[in-house]
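What follows is one structure encoded as C-alpha cells, with my remarks underneath.
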Amino acid sequence: MTDASAVRSALGEPYYETDGILLYQGDCIDLLAALPDESIDLTVTSPPYNIGKEYERPLALEDYLEWCGKWMAEVYSVTRTTGAFWLNLGYVPVEGRGKAVPLPYLLWNASPFFFLQEVVWHYGAGVSARRSLSPRNEKFLWYVKDPSNYTFNLDAIRDPNVKYPNQKKNGKLKCNPLGKNPTDVWSIPKVTSGRNRSSTERTPHPAQFPEAVIERVVKGSSNPGDLILDPFVGSGTLTLVAHRLDRLAVGFDVRSDYLDIAVSRIEQSQSAGTKLSLELF
Ligand SMILES: C[S@@+](CC[C@H](N)C(=O)[O-])C[C@H]1O[C@@H](n2cnc3c(N)ncnc32)[C@H](O)[C@@H]1O
C-alpha cells in the first residue's frame, strides 16, 4: 500500500493536504512522471476535451490526441497491476468529417490498458439541438491492467431501484436484496447551473463531475485504504468522494483557483462530518 508520505516524498510539498488527501498544482504529465510506478489503485478523470473551455488552449486535433496518449501512458505506468482507469470523454468536431465525434472513437486504444467496458452516462438535462438530436450522454471507458485480476465490488454498487418482473417466488425475493447490477447505462443528473435549476453541489467550476457518478466508480473499483488519483481534478470531486469513502487520494490541476474550490469542498465536508455517511445508492 502506498501512503500519503510516499506521494509527498516523490512529489514534494503539496498545495494542500488533509487526512490522506493531497492536492498538487502543476502540469499532470510532470506530476505523473514523478509518481512512483505502480503506486495507484484507481484513476478516475475527465481531461479537457479541446473544445475551447476556459481551462484549455485548443490544439490541432492530432496534437491533442498525441497529448492524450502521453498523459495516459503515464497513468498506465503509475497504476498497480490490479488497478483500473476510468476515463470520461465527450465529443469533438473533426474538420470536414464530423460535427460531434465521440472522443472514445478516437482514443479508446491510445494507451496500453486493457479496455474492459464502456458505460453510457445518461445525464438528463442539456442543450437542445434543432437540426439533430439533443445530446444527453457522455461515456466512461473502464480500463484495467490485468483483465484476470482487478477490483470489482458489485455488492457495493447494486441498485435497489432497478426492478424486474416476477422477482418474488413463494413470497420470497428471488433477486439479491441489495439490488440489481447497475448495468452499463447510468442515469444520473449532471451538475447544472442557472436560476431555479442549479444543482446543490454546484461550484464555479464549469465542468464538475456529479458526486453520485464518482461515488459509484470509487465504490465499485477500489477498496477503503486504496490510493486513487485524478490528474485533472478541477473542483476536486474525486478527492471529496475519496475522503468520504475512506480512500487516500491525489489530485492535480494547473489552476490554483480550482484547487481552492476543491479545498473548500473537502473542508465543508469535514465540518459537516459526512465521512463514510453518503449512501446514494
Ligand atoms: C474537465 S475539467 C475536470 C473537472 C473535474 N472532473 C471536477 O469534478 O471538477 C479538466 C481540468 O483539467 C485542468 N487541466 C487542464 N490542463 C491540465 C494539465 N496539463 N495538467 C493538469 N490539469 C490540467 C483544468 O484546469 C480543469 O480543471
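The values are calculated or read from the model by the stated rules, or taken from the named source; none is laboratory data. All of these numbers come straight from a predicted model, not from anything done at the bench. Counting neighbours? That spans all protein chains shown, and the Cβs are built from the backbone with ideal geometry, glycine included.
Some points to look at:
- Residue within region 175-184 that is without any contact (Cβ under 8 Å) to a residue 24 or more places away in the chain, away from the ligand (no atom under 16 Å from the Cβ) and among the basic types (Lys, Arg) present: yes
- Per this entry, GLY90 is not counted among residues that are surrounded by fewer than 18 Cβ atoms within 10 Å (Cβ to Cβ) and within 13 Å of the ligand (Cβ to nearest atom).
- Flag for ILE228 being in contact with a Ser or Thr (Cβ under 6 Å, 6 or more places away or on another chain), modelled with pLDDT of 95 or more and closer than 25 Å to GLU118 by Cβ: yes
- Check on LEU154, more than 30 Å from TRP67 (Cβ to Cβ), among the aliphatic types (A, V, I, L, M) and in contact (Cβ under 8 Å) with a residue 24 or more places away in the chain: yes
- The residue of region 43-57 that is surrounded by the fewest Cβ atoms within 10 Å (Cβ to Cβ), among those that are within 8 Å of the ligand (Cβ to nearest atom) and assigned to a loop (DSSP other than H, G, I, E, B), is LYS53.
- Pair list, Cβ < 7 Å and 6+ apart or interchain, from region 35-58 residues that are under 9 Å from LEU229 (Cβ atoms) to residues that are part of a loop (DSSP other than H, G, I, E, B) and aromatic (Phe, Trp, Tyr): THR45/PHE232
- Conditions (1) under 24 Å from LEU107 (Cα atoms); (2) within 16 Å of the ligand (Cβ to nearest atom); (3) more than 18 Å from the chain's Cα centre (by Cα); (4) surrounded by fewer than 18 Cβ atoms within 10 Å (Cβ to Cβ): number failed by LEU61: (2)
- Hey, GLU211 of a type in the set (Asp, Glu), surrounded by 13 or more Cβ atoms within 10 Å (Cβ to Cβ) and in contact (Cβ under 8 Å) with a residue 60 or more places away in the chain or not: yes
- Checking each residue in region 225-260 for being surrounded by fewer than 23 Cβ atoms within 10 Å (Cβ to Cβ) and within 6 Å of the ligand (Cβ to nearest atom) picks out PHE232, VAL254, ARG255.
- Being surrounded by fewer than 16 Cβ atoms within 10 Å (Cβ to Cβ), away from the ligand (no atom under 13 Å from the Cβ) and modelled with pLDDT of 95 or more is a property that PRO14 lacks.
- Those residues of region 74-112 which are in a strand (DSSP E or B) and over 15 Å from PHE140 (Cβ atoms), in sequence order: THR79, ARG80, THR81, THR82, GLY83, VAL92, PRO93, VAL94, GLY98, LYS99, ALA100, VAL101
- Within region 177-217, restricting attention to residues that are more than 20 Å from LEU259 (Cβ to Cβ) and β-branched (Val, Ile, Thr), the residue that is modelled with the lowest pLDDT is THR192.
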